[in-house]
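To start, the structure itself, in C-alpha cells.
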Amino acid sequence: MEERVLRRLVIKSFHINDVKFSEKTFIDIQNRTLYLRKNCIEEFISNEEDIKQAKLSIIPKDGRDIFVNSILDFSPIATKVLGRLGEGITHVLTGVCGMLTAVDEEGVQVAEFGSSEGILSQQVYFNRAGTPKDDDIIIHVDITLKKGMGTVRKGPTACHRVFDKVIQEIRNVLKKVNGRLCDERHEFIDSIKPLKKKVVIIKQVAGQGAMYDTLFLPNEPGGFEGGRSIIDVGNVPIILSPNEFRDGALRAMH
Amino acid sequence: MGVGPSTKETTLHHFRDPLLDVVSKDEDIDLVGVMIVGTPQENEDKYFVGKLAAQWCEAMRVDGVLISVDGWGNSHVDFANTIEEIGKRGIPVVGLSFVGTQAQFVVKNQYMDTIVDFNKSKEGIETEVVGENNVTEIDAKKALAFLKLKMKRGGLK
C-alpha cells in the first residue's frame, strides 16, 4: 500500500543579519536588514490598563551581558502567506527572534515556579530548540505591569498580547517579501503510511492558571491572536496534525 | 509546583520541536498526530483529562504513544496518571520528563518503566537557566528507540 499525502506545508526562511530602528517597519531583503518602527510599542500599550510601561530594544549578538527581567518567552518571527496553519506557505525570519520579559512596578518578577531574571548571557542556555542561537539578534520586549498584576491571569496575558503585536508588525511586512528570494525552502507532508507503526505524540502542557496557560491554533505561527486557551476548553485533549504543530500551533503562555 | 524556567518549552521550542522532528522523519512510523492535553489544578480534573487522552489513543488504534511533559512536581501527578491509563489499555507508552535529583516522581506505576529523563544540569536541578533542561534531538531519538522496542514486544500481555 502506498503512502497517502494529506497536505503540504512549505516553510521558506529568510536570513537577517541586522535589525535597526526606523520610521517605519520594512525588510530590505538585499541587505538582509530588518527595520522596526521605533515607537510602535507606545501605540500597542495605549489600551492596556494593566501595563505601566513597555520598552522595545534590539540586542545584538555580542550584547548579551545585560540585566533582563524574568523571561516569559522566546518567539519565532513567522507568518502565513498562503493557507491556514499547517498547510500552504509560511515565511520565517532566521538570525533573529523575539524575547518577552516582565516585572511589576514593585519589582516583583513575573514568574511562578522560579524566575529567570539576571544577566542574559548567563540565564539562557543558547542554541537549544527553544532559545536563540549564538549569533541571533534578539528583539526584546520588556514589560512593567501594574502592582500585583503578574500573579493574576490577565497580567501575563496582556504581556503576551503586546509582544505579539510587535511580532505582527514584522509579520505584516514579512508576508510581502518575494518568496523566490528565500534562503531555504523546506517542504513538510502530512501523510498516512499504511502498514507502519501508528504513533501519537502527547504533549502535556500548562493549564493551571496565571503563568500556566497554553494557546493553540492562533492565526499566525506561534502567535497570540485567535489562539484558544487550553484552560478555557477545560484542559481536555486536542488533536493537531503534525504540520499544524510544526507551523506554530502552540503558544507557551508561561 | 509546575513549570520552571529551565524546563519550560518556549513558543520557539514548539515551533521547532525536536520530538516532532525525529518522529515525523522516521520512515517506520506513521505519526497520526500530536495530542495536546492540559494540566488542570484539581486532582479530579487531572484524572478526568488523563482518561480522556488514553481513550483517544485507544480509539485511534495507535501502536504506541510518546508522552512528554515540561513541568514537574504537581504536573507529574497528571503525567503518571495519563501513562497509567494508556498502559492499562495495553498500548506501549514511553515518557519524557525532567527528573534529575530534584524532581523524582511523586507517584509512580508499573507502566513508567521507560522514562527518558531530559535533565541536563550537573546537579540534576531546576537551574533557572532558560532552555537548559529541555528535550533535545538525542532525547527524542532515545524515546523513539525505547518505544520501538516496546512496540516490538507488543502491548497486552
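The values are calculated or read from the model by the stated rules, or taken from the named source; none is laboratory data. Quantities reported herein were computed from a predicted structural model and do not represent experimental measurements. Neighbour counts are summed over all protein chains in view; Cβ atoms, including those assigned to glycine, are modelled from backbone coordinates with ideal geometry. Just so you know, the surface numbers come from the protein's heavy atoms only, side chains and all, with ligands and any DNA or RNA stripped out. Shrake-Rupley method; radii C 1.70, N 1.55, O 1.52, S 1.80 Å.
Top mean-square fluctuation among A:Gly114, A:Gly86, A:Gly227, Gaussian network model of chain A, C-alpha springs under 10 Å? Greatest mean-square fluctuation among the candidates belongs to A:Gly114. For B:Thr136, no residue has an amide H sitting under 5 Å from its own, ignoring neighbours fewer than 5 places away on the same chain, with H placed 1.01 Å from N.
Contact order, relative form, for segment A:4-253: 26 percent (alpha carbon pairs under 8 Å, 6 or more residues apart, mean separation divided by residue count). In order along segment A:215-224, the Karplus-derived 3J(HN,Hα) couplings, from 6.51 cos²θ - 1.76 cosθ + 1.60 at θ = phi - 60°, round to 9, 10, 6, x, 5, 10, x, x, x, 10 Hz, and Gly and Pro are given as x.
Counting only residues at least eight positions apart within a chain, or on another chain, the lysines with an alpha carbon under 27 Å from that of A:Lys52 are A:Lys20, A:Lys24, A:Lys38, A:Lys146, A:Lys147, A:Lys154, A:Lys165, B:Lys8. Inter-chain Cβ neighbour count for A:181-193, averaged per residue, equals 2 (cutoff 10 Å, partner chain atoms only). The label-point distance for A:Asp28 and A:Ser121, in a model that sets each label 7 Å from Cα toward Cβ, rounds to 2.9 nm. Note on A:Lys61 and A:Glu225: the model spin-label points, each 7 Å out from Cα along the C-beta direction, lie 3.2 nm apart.
Highest mean packing first, where packing is the average number of other Cβ atoms within 10 Å per residue, the peptides A:144-150, A:176-182 line up as A:144-150, A:176-182. Per-residue 3J(HN,Hα) values for segment A:69-82, derived from phi via the Karplus relation 6.51 cos²θ - 1.76 cosθ + 1.60 with θ = phi - 60°, read 6, 4, 7, 8, 6, 10, 10, x, 10, 9, 8, 7, 10, 9 Hz in sequence order (x marks Gly and Pro). Taking 23 Å as the limit for the C-alpha separation, the pairs A:Lys198/B:Lys152; A:Lys12/A:Lys197; A:Lys193/B:Lys150; A:Lys198/B:Lys141; A:Lys55/A:Lys175; A:Lys80/A:Lys198 exceed it in the case of A:Lys12/A:Lys197; A:Lys55/A:Lys175; A:Lys80/A:Lys198. Counting, for every residue in B:59-68, the Cβ atoms of other protein chains within 10 Å of its Cβ and taking the mean gives 4. For A:His15, nonlocal amide neighbours, meaning residues 5 or more places apart or on other chains whose placed amide H falls under 5 Å from its own, are A:Thr94, A:Asp183. Within segment A:9-143, the proportion of Cα pairs with more than 18 Å between them is 60 percent. Using the Karplus relation 6.51 cos²θ - 1.76 cosθ + 1.60 with θ = phi - 60°, the per-residue 3J(HN,Hα) values for segment B:126-143 come to 6, 8, 6, 9, 4, x, 4, 9, 10, 5, 10, 4, 4, 4, 5, 5, 4, 4 Hz, with x marking Gly and Pro.
In straight-distance terms, cross-link reach from A:Lys61 covers every one of the aspartates and glutamates whose alpha-carbon lies under 16 Å from its own, apart from those fewer than eight places away in the same chain; here that gives A:Asp18, A:Asp134, A:Asp135, A:Asp136. Counting only DSSP beta bridges with both residues in the protein assembly as shown, the antiparallel share comes to about 50 percent.
Under a 10 Å cutoff between Cα atoms, tell me which one of B:Glu42, B:Glu85, B:Glu126 has the largest fluctuation in the Gaussian network model of chain B. Maximum fluctuation in the GNM of chain B, among the listed residues, is at B:Glu42. Among B:Gly95, B:Gly87, B:Gly131, the residue with the largest mean-square fluctuation in a Gaussian network model of chain B, with springs joining Cα atoms closer than 10 Å, is B:Gly131.
Give me the percent of accessible area attributable to carbon and sulfur for segment A:4-253, probe 1.4 angstrom. Carbon and sulfur together cover 47 percent of it.
Across peptide A:66-73, the mean count of Cβ atoms from other chains lying within 10 Å of each residue's own Cβ comes to 3. Take the accessible area of chain B alone and of chain A alone, subtract that of the pair, and you get about 6200 Å² summed over both chains, using a 1.4 Å probe.
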